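To start, the structure under review is shown below, and the notes come after it.
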Amino acid sequence: MDGLSKTTEAAELTLASRFPRLAQAYRALREAASEEASALSPRDKMVAEVAWALASGSQNAVNAAVRRAQEQGLTPETLLAIAQWGIGVLGHSQFLKAFSWMLEALGEQPLYCSTCGIPIR
């Protein structure tokens, strides 16, 4: 698990310890949303979660979705294909950020700016 995922999990534990009812309500909402999406298979739900995370513009969401998807058996090739599929929806600059986050979440090198050499975030 990478440092960012550990940080996110630590934040969730802090939230749960400080606001247990809020954390419980959030978990219940997440579970209810998943149950209501009964037309989707568990695999389709994971694909959708990864796609939503990529579209959210949140690196933490991408890290968490990739981690959960891998735990459910989605391969890096499948996850990268989901990211690639998003270029038409996200647009070029948002796609580059999301794809770079995906690479990092998979333990690969992020994309770098060809002009300045800084990682694309």
Residue count, the stretch 31-64 (criterion: more than 18 Å from Leu74 (Cα to Cα), in a helix (DSSP H, G or I) and under 15 Å from the mean Cα position of the chain (by Cα)):
4
Could you tell me how many of the residues in the stretch 103-114 are closer than 17 Å to Glu71 by Cβ and surrounded by fewer than 20 Cβ atoms within 10 Å (Cβ to Cβ)?
2
Can you pull out the residues in the stretch 64-102 that are in contact with a Pro (Cβ under 8 Å, 6 or more places away or on another chain) and buried (at least 19 other Cβ atoms within 10 Å of the Cβ)?
Ser100, Trp101
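Quick note: the coordinates plus some simple rules give every number you see, no bench work behind them. Owing to the predicted nature of the structure, the values given are computational and were not obtained by experimental measurement. Cβ coordinates were reconstructed from backbone atoms using ideal geometry, including for glycine residues, and neighbour counts include every protein chain displayed.
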